[in-house]
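I have placed the structure first, in the form of structure tokens, so that the comments after it can refer back to it.
The values are calculated or read from the model by the stated rules, or taken from the named source; none is laboratory data. From a predicted model like this one, the values you see are computed outputs, not experimental measurements. Here the Cβ is made from the backbone with ideal geometry for all residues, glycine too, and neighbour counts use every protein chain on show.
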Amino acid sequence: MDELPETPVALGKAQRLRRYLIAGLLVWLPILVTVFVLRFLVDLMDQTLLLLPANARPEALLGFRIPGLGLLLAIILLLATGLAATNLVGRKLIRWWEGLLKRIPFVRSLYSGTKTFTETVFSGKGQAFQKVLLVQYPRQGIWTLAFLTSEDFPEPRHRTGRDLIGVFVPTTPNPTSGFIIMLPREDAIPLDMSVEAAMRVILTLGVVTPGWRPDTQAADPGN
């Protein structure tokens, strides 16, 4: 026997249920993701409590765990380190510690690279991750967002005879991984889009796109 076709009433109910489910997801999914990320960060910061002796930790003194105390300890530790790094004695200790690390072969490369990256990104002295570009990747005709990371590549520039710039092409939805590519400056199109807006595009798989007016003009990545 042939199956009876669904009636308009049944179809209407199914569409309403689907609409309700989607509306519920739109409310709860951002909340759950935000809570998950915040909980992950709080738990990560709470690991700094392991720096304290076992009998001096809040769990041992109070008998129960208070989430977020690790974040407070991390902030205090960062402030204390920053204070120490800005005075004469602290700078001498840091130079001694860095000299010790630079004597260890593998650790030397890892520490130096990380130090250079953090100084470039957080000091605001360079152009790294301050400009959003549009580049053709992984092949011609396919465009993707990228971040300018460096304009100083002496040897590749000399050997290729091209004015090369370094860009970071992030993966989505996890922008902490990606690819470093060098390409001619003229092959990168600078965008008016802010780094924060570009990150939202990447994290939302391109669903959230920033507004733009054609009368705005992008600056050249080298200026």
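For the reader, a short list of remarks on this structure follows.
- Filter result (out of contact with any Phe, Trp or Tyr (no Cβ under 8 Å at 6 or more places or on another chain), not acidic (Asp, Glu) and not in a loop (DSSP other than H, G, I, E, B)) within segment 172-197: Leu183, Pro184, Arg185, Ile189, Pro190, Ala197
- Looking only at residues in segment 180-208 that are in contact with a Ser or Thr (Cβ under 8 Å, 6 or more places away or on another chain) and in contact (Cβ under 8 Å) with a residue 40 or more places away in the chain, the one that is nearest to Pro156 (Cα to Cα) is Ile202.
- Exactly one residue among Leu44, Leu72, Leu29, Leu78 is over 21 Å from the mean Cα position of the chain (by Cα) and either of a type outside the set (A, V, I, L, M, F, W, C) or at pLDDT below 80 (or both), and that residue is Leu72.
- Residue in segment 128-144 that is modelled with pLDDT under 80 and either more than 25 Å from Ile180 (Cβ to Cβ) or basic (Lys, Arg) (or both) present: no
- Of the residues making up segment 85-108, those that are of a type outside the set (D, E, K, R) and in a loop (DSSP other than H, G, I, E, B) are Thr86, Asn87, Ile104.
- The strands (runs of 3 or more DSSP E) found entirely in segment 128-171 include none that carry 2 or more residues being surrounded by 16 or more Cβ atoms within 10 Å (Cβ to Cβ) and acidic (Asp, Glu).
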